[in-house]
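The values are calculated or read from the model by the stated rules, or taken from the named source; none is laboratory data. On a predicted model such as this, the values are computed, not experimentally measured, just so you know. Glycine also receives a Cβ, built like all others from the backbone with ideal geometry; neighbour counts cover every protein chain displayed.
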Amino acid sequence: MATVIDRIGAAGDIPQQIAQAILGEVRTESTVMSLGRQVPVSTRDSSVPVLTSVPDASWLTGETGAPARKAVTAATWESVTLTAEELAAIVIIPDSVLEDSEWDIWAAVRPLISRAFARRVDMAVMFGAGAPASFGAGMVAAATTATQVVTPSADSAADLLEAAEQVSVTEHAPTAAVVRPGWQYAASRERTQSLTANPVGSTYPLSVAGLPIRVDPTYWDAAVATAIVADWQSVLYGIRHDLSFEMFNSGIVQNPDGTIATNLLQEDCTAMRCVLRIGHVLAEPVNSAGVADVPVATIGPAA
């Protein structure tokens, strides 16, 4: 059933005033949005160019049989579709709570909304959990299909380096690793010398062989993977519109089964609807051999 914020969580400000602040917090909280590459989108279904063939060169003179003319070559791009899907949340607050409140409920709700949106984006993009069909099966599934999965060993840092090597072999540069919650403590317990602490306050508290490691993600499915290493520049996302907020004091809110959860007019409640339109596609540009490889590798779940 719908969740209603009661008198304990009192309120005040108009939520539109903090829309940009929330979107900024979502970008910071979300692993995908902080590591991936944002691309511009102007419609619900936008085309994103992906490299599908690379140019080559040949020697004009030299050994017998070498070409007498300069070779003609080309680079081509094909468009993949990035579909902006709606991610939404509705927060219901009784009017009496808003009127009697002595503190700002939106200041308290804001980080919770930010984390909820960030969590859903990461669930969908990394693990395919609850994802729209246009998002695909997720990064972990893509790596599994490409057989780029490292079996966990007793050396956590070595596993991470092996996954990074698998991405690098495809001629994609691994830009960061994301690890399960608690991974950093297990790795440190192994007393490995390869882990390096980054400056305090850095987005990446650890690195190994120059590879930044993001710890404590908003969402993680430890039953599926221990870590994800990727060329995050190939993890594309686009925002059709910034976060939008609308307030309603009439109408009904339904449960998934169609029953009425709250009648705003009869129950004297106000509903805040938050909507973010965001799309995602995992690009697979070709390498120098003309092969489109998956720019992701994972470490399997711990035994």
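Take T196 and decide whether it is part of a helix (DSSP H, G or I), out of contact with any Asp or Glu (no Cβ under 8 Å at 6 or more places or on another chain) and either among the polar types (S, T, N, Q) or closer than 23 Å to T28 by Cβ (or both).
On the way: part of a helix (DSSP H, G or I): no; out of contact with any Asp or Glu (no Cβ under 8 Å at 6 or more places or on another chain): yes; either among the polar types (S, T, N, Q) or closer than 23 Å to T28 by Cβ (or both): yes.
Considered against the rule, which asks whether it is part of a helix (DSSP H, G or I), out of contact with any Asp or Glu (no Cβ under 8 Å at 6 or more places or on another chain) and either among the polar types (S, T, N, Q) or closer than 23 Å to T28 by Cβ (or both), T196 comes out as no.
Is it the case, given these coordinates, that Y185 is surrounded by 18 or more Cβ atoms within 10 Å (Cβ to Cβ) and either within 22 Å of the chain's Cα centre (by Cα) or over 28 Å from E86 (Cβ atoms) (or both)? Show your work before the answer.
Numbers: surrounded by 18 or more Cβ atoms within 10 Å (Cβ to Cβ): no; either within 22 Å of the chain's Cα centre (by Cα) or over 28 Å from E86 (Cβ atoms) (or both): yes.
No.
Say whether the condition of being surrounded by fewer than 21 Cβ atoms within 10 Å (Cβ to Cβ), part of a helix (DSSP H, G or I) and modelled with pLDDT under 85 is met by at least one residue in the stretch 276-298.
The answer is no; no qualifying residue exists.
Within the stretch 189-207, is even one residue in contact with a Ser or Thr (Cβ under 7 Å, 6 or more places away or on another chain), in contact (Cβ under 8 Å) with a residue 24 or more places away in the chain and crowded, with 22+ Cβ neighbours inside 10 Å?
No, the stretch 189-207 has no match at all.
Return only the number of the condition from (1) assigned to a loop (DSSP other than H, G, I, E, B); (2) of a type in the set (G, A, S); (3) modelled with pLDDT of 80 or more that A177 does not satisfy.
Unmet for A177, out of (1) assigned to a loop (DSSP other than H, G, I, E, B); (2) of a type in the set (G, A, S); (3) modelled with pLDDT of 80 or more: (1).
Regarding P295, is this residue closer than 30 Å to V39 by Cβ and either in contact (Cβ under 8 Å) with a residue 40 or more places away in the chain or among the basic types (K, R) (or both)?
Working: closer than 30 Å to V39 by Cβ: yes; either in contact (Cβ under 8 Å) with a residue 40 or more places away in the chain or among the basic types (K, R) (or both): yes.
When the stated conditions are applied, P295 passes them.
Step by step: first the residues of the stretch 216-236, then only those that are in a loop (DSSP other than H, G, I, E, B) and not hydrophobic (A, V, I, L, M, F, W, C), then the one that is farthest from T151 (Cα to Cα). Which residue is that?
T218
Of all residues in the stretch 228-247, which are within 13 Å of the chain's Cα centre (by Cα) and either at positive phi or surrounded by fewer than 18 Cβ atoms within 10 Å (Cβ to Cβ) (or both)?
Selection gives Q233 alone.
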